[in-house]
Each structure stands twice: as C-alpha cells, then as structure tokens.
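Structure, as structure tokens:
The values are calculated or read from the model by the stated rules, or taken from the named source; none is laboratory data. All values derive from a computational prediction rather than experimental measurement. Heads up, the Cβs are rebuilt from the backbone with ideal geometry, glycines too, and the neighbour counts pull from every protein chain shown.
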Amino acid sequence: MTFDYSGAVVAPPRVDVDAAEAIERVSGLSQEEFVRRYREPRHPVILTDALRQWPALGRYTPDFFKREHGDRLIRIRGRDYRLSEVIEQQEASDEQHPGPYPCTFSDCASLLPDISPRFAQSLPSRHANPLIPTALFEWVNHLEIFFGGPGGQFPYLHYDYLRMHAWIAQMYGDKEFTLYERGQEPLLYVDPLKPWLSRVEHSENPDDDRFPLFRQARCHKVVVHAGEALFLPCGTWHTARCLNVGITVAFDQLGADNWAEFVGEVCAAERRAQRNGRAVMLAVYLRMLGPWLDFAERWGARRSGTGRRGDWGMH
C-alpha cells in the first residue's frame, strides 16, 4: 500500500482478511449513526476512513521513527533499548524469531499535531476533565504508540482497564485482533485479583488441562490495515498479534455511555485494595458528577455545534 500525503511511502504487503470475519468495516458513518449502531449496543467495528485528516497517515513509518526519535529509550520486559534498535530488530524478525514486544511509548505530547483532530466517533472523552481525580488513572496510559514486527504478540488476554472504550488506529502494517464475544467470563478464567486479565496463558494454544473450558469461548479474528481504526467497546476481551512490521496509535475513550461501568470499576479497585471508605466516597462523588458532565456536554454541543473537545487533553 502506498500513501502520498508526505511523499511516496511504500508499506509492507497488505495481509488479506478472512472473508468470514464477523467485524464490519464501514465508511462515511456519522457520529449519531456510529453511536446507535456500535457504541450503544457495544459492537466492535472498523472505520476505514476515520484517520484521513491525520498528518501521521503516510508519515509514520519505521524510517521516520528511526530518524526522528531513534534515540528515545524504551523499556521492554526489564531491559532498556533505543527505539531505533528495537525497530531494526523487528524489521529483521519473523514469526519464529520475533523482535522485542510490546514496544510502546506514551510520552506523545510532541506528536499530537500528527494525530489531530480526534475524529468525531472517538468523542467525547472525559479523562482530562479537571473534576475527575487524576489519581484514578495512575495505571492508565490514555494514548500510546505501539511498534511491532512479525510474531510480536500481546502477552495476555484482557479488556481495557477501568472499562474504557479503546481505539486502535493502524498507521503502518497490519495487526490481527482476536475478539471474544461478550458474556463469556466463566470460560475465560478471569483473574480475581486483576479482573481485567485472564489467567489463560498463550491463548492461541492454551493449556487444556489447566483451562479446559477456554476452547469453548467464541471469538472472531479481524485484521486491521494501515489507515483503519478499530473500535473496541468497553469490556471487550481481546488479544493482538503483529503480522508484519507495524505502527499503531492506541487511545481510550470515556463518556456518558460507559460512565457507570467506569465508576463500578474504580470502586471495585478501591475495595480490592481494602480502602472501603474511599470506595464509598468515590462512588457518591462520581455518581453525582456524571449527570453534571452529561449536562455540560449537551450544553457545549448546542453552543459549539459539536460540544466535543477535539484535542487530546494533553499538553
């Protein structure tokens, strides 16, 4: 695939998608239609045209990051690498000999102009609202860039922390996702101490003696190509695998529709940490805050025509 936004850039050969995949690919979708068809009923979907305004599309290549950010230090599984070193190892990797993964960096403030504006379907997002305590997001990276090569695989089956929606914006290469249908937690061996994680190791080839029910879980595989964005509704169990050298921008979304689930996860985390009093106070505060944020977003929509913050809430 070739993009011409910033000069001719040749991407790796495109990987074909299984014709039987159950995840829709759509374009030309209004925000209202997206909410009605996918966000409210919690259906994953791929938007094929959501990233068309991003300068990063066609610019974010392995050569770009080696040239512009190659000296950035990246820590992967206890070891420090230069980003250029990681990318070179990933370019030389194959399925049997994968390069270092997962490779991410989350200090993305200098790159925000390349991935702006946030497209309408990914808005509103409340995480930057000053009324929400930032301590709630201590373990959350709201925006990350992933680098991977053939055979690189996310190490565990999970859903995104605190029940936030997730967006996967593929900038370069192809990435395969395995998405599990909702309501199958009894088959997924959820970790009681970290209930956003499964205890199943190597979900592509699980230990049937330890996890005999896991193979009964229904799942769908989908390949996300460069220029496409995958929407993962809150609570969607999934894993990811790199099919070739790839670059992915991943970010989350918190709004009115997943607010109650977010509050529930926040309070449950406090109770697991034996901070029951704090859990009660947060429950009261956040449940009161939700309707106020709903009103503020609706009022902003009437005043501005969109009412949605189009930047990333990061500076």
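How many residues, within the range 16-70, are farther than 17 Å from residue 248 by Cα, modelled with pLDDT of 95 or more, in a loop (DSSP other than H, G, I, E, B) and among the hydroxyl-bearing types (Ser, Thr, Tyr)?
1
Looking for something at pLDDT below 95 and more than 20 Å from residue 246 (Cα to Cα) - is there at least one such residue anywhere in the range 79-97?
So far as the range 79-97 goes, yes, one or more of its residues are at pLDDT below 95 and more than 20 Å from residue 246 (Cα to Cα).
For residue 239, indicate whether it is hydroxyl-bearing (Ser, Thr, Tyr), touching a Ser or Thr at 6+ places or on another chain (Cβ under 8 Å) and buried (at least 16 other Cβ atoms within 10 Å of the Cβ).
In short, yes.
Does residue 235 fit the bill of being touching a Lys or Arg at 6+ places or on another chain (Cβ under 6 Å) and modelled with pLDDT of 95 or more?
Details: touching a Lys or Arg at 6+ places or on another chain (Cβ under 6 Å): yes; modelled with pLDDT of 95 or more: yes.
Yes, satisfied.
Is there any pair with a first residue in the range 74-101 that is over 20 Å from residue 63 (Cα atoms) and touching a residue at least 24 places away in the same chain (Cβ under 8 Å) and a second that is of a type in the set (A, V, I, L, M, F, W, C) and surrounded by 12 or more Cβ atoms within 10 Å (Cβ to Cβ) whose Cβ atoms are under 8 Å apart and which are 6 or more apart or on different chains, and what are they?
Close Cβ pairs satisfying both conditions: 76/86; 76/103.
Step by step: first the residues of the range 137-166, then only those that are surrounded by fewer than 22 Cβ atoms within 10 Å (Cβ to Cβ) and aromatic (Phe, Trp, Tyr), then the one that is nearest to the chain's Cα centre (by Cα). Which residue is that?
161
Within the range 105-136, count every residue that is over 30 Å from residue 27 (Cα atoms), of a type in the set (Gly, Ala, Ser) and surrounded by 15 or more Cβ atoms within 10 Å (Cβ to Cβ).
The total comes to 0.
Out of all the residues in the range 127-171, which are in a loop (DSSP other than H, G, I, E, B) and closer than 21 Å to residue 92 by Cα?
Our first condition is that a residue be in a loop (DSSP other than H, G, I, E, B); within the range 127-171, this holds for 127-133, 138-142, 149-152, 154-157, 159-160, 164.
Those that are in a loop (DSSP other than H, G, I, E, B) and closer than 21 Å to residue 92 by Cα: 149, 150, 151, 152, 154, 155.
Residues in the range 143-162: is at least one of a type in the set (Asp, Glu) and either in contact with a Gly (Cβ under 6 Å, 6 or more places away or on another chain) or in contact (Cβ under 8 Å) with a residue 40 or more places away in the chain (or both)?
yes
So if I check each of 229, 250, 273, which one is small (Gly, Ala, Ser) and out of contact with any Phe, Trp or Tyr (no Cβ under 8 Å at 6 or more places or on another chain)?
Values: 229 fails: out of contact with any Phe, Trp or Tyr (no Cβ under 8 Å at 6 or more places or on another chain); 250 fails: out of contact with any Phe, Trp or Tyr (no Cβ under 8 Å at 6 or more places or on another chain).
Matching residue, one of 229, 250, 273: 273.
If you take the residues in the range 105-125 that are among the small types (Gly, Ala, Ser) and part of a helix (DSSP H, G or I), which one is nearest to the chain's Cα centre (by Cα)?
Our first condition is that a residue be among the small types (Gly, Ala, Ser); within the range 105-125, this holds for 106, 109-110, 116, 120, 122, 125.
Filter again for part of a helix (DSSP H, G or I), leaving 109-110, 120, 122.
Values: 109: 17, 110: 20, 120: 16, 122: 11 Å.
For the range 105-125, the residue satisfying everything is 122.
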